Every structure is written in structure tokens, then in C-alpha cells.
């Protein structure tokens, strides 16, 4: 697939990597995943809060459960395709705001043996 991408012109990232059939609401939900996402605009000045706010808005608009923390944003997604789609939309929004360079970090926790959620992970650590 990646070799083919080099020869396709005028197609968006979304169309190439996430066909509508992968991101439809009819996609079977097997397990949730939890991810830590940081989308960092470079060279836009000292304060990046307005960029982060826009990125978080895009993650929410894509249907992810979002929890903003002091150092990153934690999200729940139904699958990796929906996560990557949402992150790409957030990155595009930051570029559209004027960023010339964006540094993105994604860490994913995905299980196939049981349900996974932000609240479940937090309560497992905080329980006595």
C-alpha cells in the first residue's frame, strides 16, 4: 500500500489511509483503546494554548472521548482507524491555524482480552 501512495496525486491523507468504510459508525466495536496524544506546533511563539484548544476540539468532533491533562491529552477510541483519523483532523486544524511545523506523539494502550477505558485505568491505579 505505501508504495502505491507515491503514485497517487491529489488524494487526501484521509482518502488514502482511511476509506469511509473503515470509519463508518457501523464499524464493529471489539475493544476500546486508550491513547495519549500530544500535538505540538513548533515556531508559533511561547504560548500554544489556542492551538491545543483547536486540536482538542477536533478530537471531540471526531467522536473521541477526550480528557485534557497538564502535559498531554488522553483519548478513548473504538479502534486505531478512528484514532488516527481524529489525530489527522486535529493536526490539519493546527496547520490551518498557521503552524508551519507540527510534532505529534501518540502512545496507544490496546487490549484484546477485556474492555479498556480511561476511567478503568485510573481506578485500577487509585484503588486501595
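The values are calculated or read from the model by the stated rules, or taken from the named source; none is laboratory data. Because the structure is predicted, anything quoted here is derived from the model rather than measured. Every residue, glycine among them, receives a Cβ derived from its backbone with ideal geometry; neighbour counts consider all protein chains shown.
Residue by residue through the range 13-59, note down the ones that are surrounded by fewer than 18 Cβ atoms within 10 Å (Cβ to Cβ), farther than 15 Å from residue 94 by Cα and modelled with pLDDT of 95 or more.
36
Condition first: in contact with a strand residue (DSSP E or B) (Cβ under 8 Å, 6 or more places away or on another chain), modelled with pLDDT of 95 or more, surrounded by 13 or more Cβ atoms within 10 Å (Cβ to Cβ) and within 18 Å of residue 48 (Cα to Cα). Can you find one or more residues in the range 75-87 that meet it?
So far as the range 75-87 goes, yes, one or more of its residues are in contact with a strand residue (DSSP E or B) (Cβ under 8 Å, 6 or more places away or on another chain), modelled with pLDDT of 95 or more, surrounded by 13 or more Cβ atoms within 10 Å (Cβ to Cβ) and within 18 Å of residue 48 (Cα to Cα).
Cβ contacts < 6 Å: first residue touching a residue at least 40 places away in the same chain (Cβ under 8 Å), restricted to the range 95-107; second residue exposed (fewer than 13 other Cβ atoms within 10 Å of the Cβ) and in a strand (DSSP E or B), any location; separation 6+ or different chain. Result?
Short answer, once both residue conditions are applied: 101/42; 103/42.
Kindly provide the set of residues from the range 90-103 that are under 14 Å from the mean Cα position of the chain (by Cα), surrounded by fewer than 18 Cβ atoms within 10 Å (Cβ to Cβ) and more than 19 Å from residue 46 (Cβ to Cβ), ordered by number.
Selection gives 92 alone.
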